[in-house]
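One structure is given below, encoded as structure tokens.
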Amino acid sequence: ICSSDAAIALIDYLGGAPQAGGTWTGPGGWGMSGTLDPAIDASGVYSYTLLPNGPCPSATATVTVTIAQAVSSGLDGTLALCSSAAAPASLFGALGGSPAAGGAWTAPDGSPHGPTFAAAADQPGVYTYLVQGTAPCPAASSTVDVTVTPAPSAGIGGSVALCANEPAVDPFDWLAGSPETGGAWTGPGGPVAIPIDPLTAPSGAYTYTVPGAAPCPAAQAVIQLTVDQLPQAGADGILNICADGPSTNLVGLLSGAQSGGTWAGPSGTASGTFSPGSDIPGTYTYLLYGTGACAGAFDQATVAVTV
């Protein structure tokens with residue numbers, strides 16, 4: 001009998017025509033009812049005894065019971081995965097209860113399958129685990145229902161350089177790959193209003209986030225934005241200097257001027273330092289070109305020099 005079988009009446013397994021009314025003892029000599037429950041009783045020799053009847057002695061017959069242990073395939077389980085899961089998941093680990101090792105797995109189409117599920121390669125569905133039993137115990141099987149949720153896509157980030165005078169732009173256009181719409185942007189200062197205006201936008205990391213449905217996490221892509229400022233040659237200036245005055249740095253006369261520009265004077269290229277004894281008075285022009293994304297922009301300012 002198998003340990004998972006229903007209880008049996010031992011008297012039904014005696015040959016001949018046994019009379020009712022006897023007593024039963026188990027393998028250890030302990031009394032029992034005559035009903036054997038294979039889930040809790042032990043293998044061994046069970047004895048049935050009838051008391052003497054007049055001059056007739058008592059009579060005893062035995063039933064030798066062998067209980068085979070039923071195999072367990074565990075309890076049915078579920079496995080929820082995200083399509084972006086990199087590592088294979090254990091099907092065996094998704095079973096409940098105490099499944100026996102050494103069984104075989106089959107895929108939803110009935111074909112043999114390994115003990116792990118790869119979200120990127122395997123088909124979702126019901127996977128069956130079968131453990132062979134030892135006679136008279138039958139085989140046992142349990143299932144794992146596998147679902148795969150598509151992962152969200154935020155696309156691929158990168159780096160973008162803009163000049164401060166460019167028109168406002170939708171940062172979604174900066175993403176490569178296959179980004180999904182409906183995500184949200186955050187910048188160096190928090191949530192970002194769309195479109196982004198380079199005139200007021202700070203440089204830094206801009207993150208696009210697309211929420212995921214469980215068990216998939218949200219997807220993110222990061223754009224490193226550099227906003228290059230327009231060149232500032234400053235405000236025009238005036239220099240009135242005596243003929244015996246000192247040499248003067250002209251860029252210091254241009255309010256708000258950035259360094260790095262070039263100078264031209266009445267006689268052509270100039271150094272940017274005016275010396276009354278050797279340089280010609282007149283209009284000196286300071287020319288400053290932009291850098292990075294503003295390389296095509298320029299600004300200029302002048303200093304009117306009289307001696």
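The values are calculated or read from the model by the stated rules, or taken from the named source; none is laboratory data. Predicted model only: the values in this text are computed from it and were never measured. No Cβ is skipped: glycine too gets one built from the backbone with ideal geometry, and neighbour counts run over all protein chains shown. Accessible surface is based on the protein model in full, side chains and every heavy atom, while ligands, DNA and RNA are left aside. Shrake-Rupley method; radii C 1.70, N 1.55, O 1.52, S 1.80 Å.
Structural remarks
- Largest to smallest accessible area among ASP12, ASP145 [probe 1.4 Å]: ASP12, ASP145
- Estimated dipole of the chain in Debye, rounded to 20 [Cβ of Lys and Arg +1, of Asp and Glu -1, Cα centre]: 660
- Surface composition of the chain: carbon plus sulfur atoms hold 55% of the accessible area, using a 1.4 angstrom probe and ignoring ligands, DNA and RNA.
- Each residue of region 31-45 was assigned a 3J(HN,Hα) from its phi angle through the Karplus curve 6.51 cos²θ - 1.76 cosθ + 1.60 (θ = phi - 60°); the sequence is x, 8, 6, x, 9, 9, 9, x, 6, 10, 7, 9, 5, x, 9 Hz, with glycine and proline shown as x.
- Sequence ranges 218-226, 238-246, ranked by mean other-Cβ count within 10 angstrom, highest first: 218-226, 238-246
- Sorted largest first by accessible area at a 1.4 angstrom probe radius, with every protein chain in place, the residues PHE92, PHE298 fall in the order PHE298, PHE92.
- Here the 3J(HN,Hα) profile of region 168-179, calculated from phi with Karplus coefficients 6.51, -1.76 and 1.60 at θ = phi - 60°, is 4, 9, 7, x, 4, 5, 7, 7, 9, x, 10, x Hz, Gly and Pro shown as x.
- Cysteines in the chain that, by Cβ-Cβ distance, have no pairing candidate under 4.7 Å: CYS56, CYS242
- Amide H partners (placed H, <5 Å) of VAL71, local residues excluded: THR134
- At full extension, ALA264 and ALA59 could sit 60.4 nm farther apart than now, given 0.36 nm per residue minus the alpha carbon distance.
- ³J(HN,Hα), Karplus 6.51/-1.76/1.60, whole Hz, each residue of region 191-207, x for Gly, Pro: x, 10, 7, 10, x, 8, 9, x, 5, 10, 6, x, 6, x, 8, 10, 10
- If you sort LEU91, LEU287 by accessible surface, 1.4 Å probe, largest first, the order is LEU287, LEU91.
- Solvent-accessible heavy-atom area per residue, rounded to whole Å², over the chain at 1.4 Å: 54
- Taking amide H as placed 1.01 Å from N in the peptide plane, the amide H of ALA161 sits under 5 Å from that of THR226, each at least 5 places away or on another chain.
- FRET efficiency estimate (nearest 0.05) - Cβ-Cβ, THR200 to ILE280, R0 51 angstrom: 0.70
- In this structure the amide hydrogen of VAL126, modeled in the peptide plane, comes within under 5 Å of the amide hydrogens of VAL146, none closer than 5 places in sequence on its chain.
- Stokes-Einstein translational diffusion, the chain - Kirkwood Rh over all Cα pairs, 0.890 mPa s, 25 °C, in µm²/s: 85
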